[in-house]
1. Taking only the alpha carbons of the stretch 43-165, what extent do you get along each of the three principal axes, in Å, biggest first?
2. If you build the Cα gyration tensor of the chain and take the root of 5 times each eigenvalue, what three semi-axes come out, in whole angstrom, biggest first?
3. Rank ILE15, ALA35, PRO106 by how far each Cα sits towards the positive end of the charge dipole of the chain (+1 on Lys, Arg Cβ; -1 on Asp, Glu Cβ) and give me just the farthest.
4. Just in the stretch 156-210: which chymotrypsin sites (Phe, Trp or Tyr not before Pro) are loop by DSSP and have at most 11 other Cβ atoms within 10 Å?
5. Note down the magnitude of the dipole of the chain about its Cα centre, charges +1 on Lys and Arg C-beta and -1 on Asp and Glu C-beta and zero elsewhere, to the nearest 20 debye.
6. Between ASP108 and HIS162, what is the spin-label point distance in nm, taking each point 7 Å from the Cα along the Cα→C-beta axis?
7. What Kirkwood Rh does the stretch 108-239 have if only Cα atoms enter the pairwise 1/r average? Answer in Å.
8. Positive end of the dipole of the stretch 132-246, charges at C-beta (+1 Lys, Arg; -1 Asp, Glu), about the Cα centre: which of ALA187, ALA132, PRO225 has its Cα farthest in that direction?
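Just so it is clear, none of the values below were taken in a lab; they were calculated from the coordinates. Treat the numbers as computed from the prediction; the structure is a model and nothing was measured. When we count neighbours, we look across all protein chains shown, and the Cβ atoms used for this are built from the backbone with ideal geometry, even at glycine.
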Amino acid sequence: MRVTGPAYVPARYAIPRLPGAARLIVLPAGTQVAAETRCRFDAQLARVSLLGPTSRAVTLWVDGPAPIEVELDAADWSRITHVRADTLTDRIVPAATIGIASPALPGDALGCARVAHALAAQRRHLPGEPGAAVTRGFAALVGRFDVTDVGAAAEMLGVSPHQLRRTTLRYFGFAPKLLLVRARFLAALEAFRQSGLRFDSVLAFGYFDSSHFLRDANRFLGTTPRRYLERTAALAPGEWDYAAAA
């Protein structure tokens, strides 16, 4: 679980977010946030909202103090809610949709950060849902980037491909193949950024050529990686870790 927010507050600004895990979003008093994905626009978020697991880049358009964002991985999801993650993919809904009641919120950002951390920690003392071991094991495989075949992943975890798919849909929000491809692409995108936008930097992640990488970029970003990185570099303010406030 990670809690972040921009370090300073321009009059109006955008926060780009790459595809990834679900996020709990808490708004300090005076903040208004709209969210834009590739095919959807939410004009006004509730003060305590949930961004479901995403397969597309998201932009938060913010007026006012920075929102507090708490990243919820699949293990967090399994402990916090019984709602299936695949019913909320690429959507933003009030947090009450997954059973997180909206408390009375303080007006300041630090106070809201403490509340966000507490909300995300709800029910953490309970054991995970059935399938928690598979969830943890698959999360570790996704982070390796060298496993690309769903059948091989299932065999390594000691389950059938059908059971693996059922588990990842419930807790990660997507089928295992998409999760493996998304993880590979995001790792390659970071290598591409760090290399100064050189396409040869992505070959180590299993991409055959630039066209292969560009197809995944269109799938997950809706544009070329170069255009996305150049655009978001101009948009994104710095970040400050709110976790210390919890």
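1. 50, 32, 23
2. Numbers: eigenvalues 167, 122, 40 Å².
The equivalent ellipsoid of the chain has semi-axes of 29, 25, 14 Å.
3. The listed residue farthest towards the positive side: ALA35.
4. Numbers: sites: TYR171, PHE172, PHE174, PHE185, PHE192, PHE199, PHE205, TYR207, PHE208; in loops: PHE172, PHE174, TYR207, PHE208.
Those satisfying the criteria are PHE208.
5. On the way: 29 positive and 21 negative charges, 78 e Å.
In debye, rounded to 20, the chain gives about 380.
6. 5.6
7. Details: mean 1/r = 0.0582 Å⁻¹.
Hydrodynamic radius (Kirkwood, Cα only) of the stretch 108-239 equals 17.2 Å.
8. Projecting each Cα onto the dipole axis, the largest value belongs to ALA132.
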